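Below you'll find the structure, written out as structure tokens, and then a few comments.
Nothing in this text is a laboratory measurement; each read-out follows from the coordinates by a stated rule. None of these values were measured; they are calculated from a predicted model. Here the Cβ positions follow ideal geometry from the backbone for every residue, glycine too, while neighbour counts run over all protein chains shown.
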Amino acid sequence: MQMNVSTRALHAFVTLAEQRSFTRAAALCHLSQPAFSALIRTLEDDLGARLFDRTTRSVELTAEGRVFVESARRLLRDVDDALADLRDHAARRRGRVAIAVLPSLAAGWLPPLLADFHARYPGIELDVADVLSDDCIARVRSGRADFALASTRTEAPELRTESFCSDGFHVVFRRDHPLARQRGALTLARLAPHPIVQLARSSSVRQYVEAAIYPSQLHTVLELEQLSTVAGMVRAGLGLTVVPSLTLFHFDHPDLATRALHVPELKRQVFLVRRNDRALSSAAQALYEVVMAHRPHPTARKR
């Protein structure tokens with residue numbers, strides 16, 4: 001048997017159990033006494049049990065009423081807690097947001113942004129995965145991330161992709177490197193004779209560079225996973241490197257110099273990727289708004 005017991009009826013029942021007076025209970029529930037009495041009768045009919053013994057002088061719980069009253073109180077507390085929790089999430093006082101971000105953005109641009117966000121919404125739990133582009137997209141597709149910042153555009157129907165920012169490339173080398181004495185615009189062809197420390201082939205940075213110089217090749221001496229390691233190898237004089245401008249903070253060292261590459265087709269595009277078939281939670285929407293309002297704007301740097 002299906003029952004449709006409303007929280008309004010449960011509240012009326014608990015109030016009458018506590019007040020033991022239809023007049024006082026009806027007033028506390030902001031109902032007329034006939035409407036309140038009808039609500040109690042409907043509840044008893046729905047439950048198939050008499051809840052109160054009524055006399056001209058008193059209202060007392062029946063045995064069934066005494067069994068039910070604690071359960072009714074617990075149900076009302078659960079409803080109040082659920083509604084309070086929902087209001088907190090809607091007001092962005094609580095919640096959780098998971099994002100996946102390219103390491104170059106996660107290490108440099110993102111930290112101060114997240115610090116400000118956490119100060120504004122301390123009750124929102126943050127989960128950040130600093131992973132390569134393919135993993136960024138995989139996390140959104142599987143639901144492990146609410147949205148991602150990736151360098152790969154995806155055409156999957158379940159995903160929505162929007163442009164986020166673009167990033168130019170720079171050459172980084174020791175100050176005593178022969179390129180430091182050369183004048184004029186730097187191109188990939190001018191780098192060909194020099195040893196180069198590159199990121200691994202799985203990196204989108206490496207893929208952008210190799211696509212731009214194809215079918216020519218650079219003289220790669222090392223392939224590494226981490227930009228901080230690349231910076232150490234360049235400082236040691238093992239070679240120069242080519243990296244996006246958003247990663248230049250890794251190479252901020254007095255022994256190193258940077259110059260912009262003049263290769264029009266060599267631009268790294270960064271995209272924001274999210275699910276197309278579901279709305280963001282209030283917490284994720286809050287972070288999404290902050291991220292979109294503070295997109296990085298890389299500028300050419302020369303040191």
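Quick notes on this structure:
- As a proxy for reagent exposure, ranking Asp80, Asp130 by other Cβ atoms within 10 Å from fewest up yields Asp80, Asp130.
- The local environment of Ser216, defined by Cβ-Cβ distances under 13 Å, has a net charge of 0 under the rule Lys, Arg +1 and Asp, Glu -1.
- Label assignment, semi-axes √(5λ) of the Cα gyration tensor in Å derived from the structure, set [x] 30, 22, 21; [y] 35, 22, 18; [z] 69, 17, 14: [z]
- Cα long-axis angle, helix 7-19 against the chain (0 to 90 degrees, to the nearest 10): 50 degrees
- Computed from phi, the 3J(HN,Hα) profile of the range 216-224 under the Karplus parametrisation 6.51, -1.76, 1.60 (θ = phi - 60°) reads 5, 10, 8, 8, 7, 9, 8, 10, 10 Hz, with x in place of Gly and Pro.
- For the chain, modelled as a GNM whose springs connect Cα atoms under 10 angstrom apart, the maximal fluctuation among Gly65, Gly232, Gly95 occurs at Gly65.
- Cβ crowding within 10 Å, taken as a proxy for footprinting-reagent exposure, orders Leu287, Leu61 from fewest neighbours to most as Leu61, Leu287.
- Percent antiparallel among DSSP beta bridges (both partners in the range 169-260, rounded to 5): 60 percent
- If R0 equals 25 Å, the separation of the Cβ atoms of Ser6 and Arg74 corresponds to a calculated FRET efficiency of about 0.95.
- Among Ser166, Ser104, the ranking by other beta carbons within 10 Å of each residue's beta carbon, starting with the fewest, stands as Ser166, Ser104.
- Residues Gln269 and Ala49, FRET efficiency given R0 of 51 Å [Cβ-Cβ distance, rounded to 0.05]: 0.15
- Counting only alpha carbon atoms, the long axis of helix 282-293 and the longest principal axis of the chain meet at about 30°.
- Estimated FRET transfer efficiency when R0 is 25 angstrom, pair Leu238-Ala260 (beta carbons, to 0.05): 0.65
- Applying the Karplus relation 6.51 cos²θ - 1.76 cosθ + 1.60 with θ = phi - 60° to the range 155-167 yields 3J(HN,Hα) values of 9, 4, x, 7, 10, 10, 10, 10, 5, 10, 6, 10, 9 Hz, where x marks Gly and Pro.
- Between Arg153 and Ala293, the modelled label-to-label distance comes to 2.9 nm, taking each label 7 Å out from Cα in the direction of the beta carbon.
- DSSP beta bridges in the chain [antiparallel fraction, %, rounded to 5]: 60 percent
- Cα gyration tensor category, rounded, prolate or oblate, for the range 7-90 with a/c compared to 1.5: prolate
- Distance from the alpha carbon centroid of the range 128-143 to that of the range 198-259 works out to 23 angstrom.
- Residues whose amide H falls under 5 Å from that of Arg160, counting only those 5 or more places apart or on a different chain, are Arg274, Arg275, Asn276, with hydrogens built in the peptide plane.
- In the chain, the DSSP-assigned H stretches of four residues or longer account for a calculated mean residue ellipticity at 222 nm of -12500 deg cm²/dmol, using -39500 (n - 2.57) per stretch and the full residue count as denominator.
- Full-extension gain in nm, Ala279 to Arg66, via 0.36 nm per residue minus C-alpha separation: 72.2 nm
- Taking amide hydrogens as placed 1.01 Å from N in the peptide plane, the amide H of Leu261 sits under 5 Å from those of Phe169, His170, Val171, each at least 5 positions away in sequence or on another chain.
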